[in-house]
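Just below is one structure, and these are the notes that go with it.
The values are calculated or read from the model by the stated rules, or taken from the named source; none is laboratory data. Computed from a predicted structure; not experimentally measured. When we count neighbours, we look across all protein chains shown, and the Cβ atoms used for this are built from the backbone with ideal geometry, even at glycine.
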Amino acid sequence: MNYDIHKAAGIIIKDRKLLIERSYGKDTFMAPGGKLEAGETPRDALIRELKEEFQLEIWDQDITEFGTFYAEAAGSHNKGKQIRMDVFMVQKFGNVGRDNEVEEIRWITSDVPKDIQLGSIFAHEVVPRLKAQNLID
């Protein structure tokens, strides 16, 4: 499938709730992660982004593949662009804080609060699958 933007995202679950974050100046909440840099694999990008955004030291053996998803990219500057998102379960992680460009973090259940605009891949694909697998409330 063709895509314009390639991202990696991590599923971090604590107490049956999913971690999401909102970057400064953005309206949409996303799972931790970000765009791949030149020469990076999706796993490498996720490990780098978790360190940059949350100061988490994640190792390759701490993540497992969850799925690859495609959707139209969010945001007016990405209008008409397609995104590919490789999503991974993060099995082991430390204390979650926020750093760098993260303005706000939330822990959510499958009943996403009305004040949260969640990225489409997580809203329509990932969160329902996590609920169906009984991983989040």
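Below, the figures for the structure above:
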| read-out | value |
| --- | --- |
| Subset of segment 57-73 [aromatic (Phe, Trp, Tyr) and within 13 Å of ALA9 (Cα to Cα)] | PHE66, PHE69, TYR70 |
| Odd one out for ASP15 among (1) farther than 26 Å from GLN133 by Cβ; (2) surrounded by fewer than 13 Cβ atoms within 10 Å (Cβ to Cβ) | (1) |
| Condition broken by PHE29, with the remaining ones in (1) part of a loop (DSSP other than H, G, I, E, B); (2) modelled with pLDDT under 95 satisfied | (1) |
| Residues (more than 19 Å from VAL126 (Cα to Cα) and either touching a helix residue (DSSP H, G or I) at 6+ places or on another chain (Cβ under 9 Å) or in contact (Cβ under 8 Å) with a residue 60 or more places away in the chain (or both)) located in segment 32-61 | LEU36, GLU37, GLU40, ASP44, ILE47, LEU56, GLU57, ILE58, TRP59, ASP60 |
| Meets criteria (touching an Asp or Glu at 6+ places or on another chain (Cβ under 7 Å), at pLDDT 95 or above and assigned to a helix (DSSP H, G or I)) for ALA45 | yes |
| Verdict on ALA71 being touching a Ser or Thr at 6+ places or on another chain (Cβ under 6 Å), of a type outside the set (S, T, N, Q) and either without any contact (Cβ under 8 Å) to a residue 24 or more places away in the chain or not in a helix (DSSP H, G or I) (or both) | yes |
| Filter pass, VAL87 being more than 21 Å from ASP4 (Cβ to Cβ) and either surrounded by 15 or more Cβ atoms within 10 Å (Cβ to Cβ) or touching a residue at least 24 places away in the same chain (Cβ under 8 Å) (or both) | no |
| LEU56 being buried (at least 19 other Cβ atoms within 10 Å of the Cβ), in contact with a strand residue (DSSP E or B) (Cβ under 7 Å, 6 or more places away or on another chain) and aliphatic (A, V, I, L, M) | no |
